[in-house]
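Rule-based calculations on the coordinates, nothing more; no lab input. Keep in mind it's a predicted model, so treat the numbers as computed, not measured. Heads up, the Cβs are rebuilt from the backbone with ideal geometry, glycines too, and the neighbour counts pull from every protein chain shown.
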Amino acid sequence: MATVDTSKSAEPQARPAINPATEPSAETSLTNVSVTRAKPKAEKKAAQKARKITAEERHQLIAEAAYIRAEKRGFQGGDPVVDWLEAEQEVEQRLRKRPD
């Protein structure tokens, strides 16, 4: 079993003295602080929209748009290929309108 050395004092260490002539004051050090503002939500959304989408993301967008087309007509009639092609055009138009 390990023993603990209790002969050392548990008193806190003394802090070194501060020389006001060489140490900056709180007021002085605040003048050198640069402040950055947080981006508003609109800027964050614009930055997210501006990123390039992957082929997988594009495929998913087209699939969802084609599904919505079929859903709107109650999945009755229509042609899945036509739904896909129209959804593809819709997605391409939306992506072209995005800011780069």
### Query
Applying 1/(1 + (r/R0)^6) with R0 = 35 Å to the Cβ-Cβ distance of residue 72 and residue 41, what FRET efficiency is obtained, to the nearest 0.05?
0.70
### Task
Let me know the shape class of segment 53-100, please: from the alpha-carbon gyration tensor, a ≥ b ≥ c as square roots of the eigenvalues, rounded when a/c is under 1.5, otherwise prolate if a/b is greater than b/c, or oblate.
prolate
### Summary
Taking R0 as 22 Å and r as the Cβ-Cβ distance between residue 86 and residue 58, the FRET efficiency 1/(1 + (r/R0)^6), rounded to the nearest 0.05, comes to 0.90
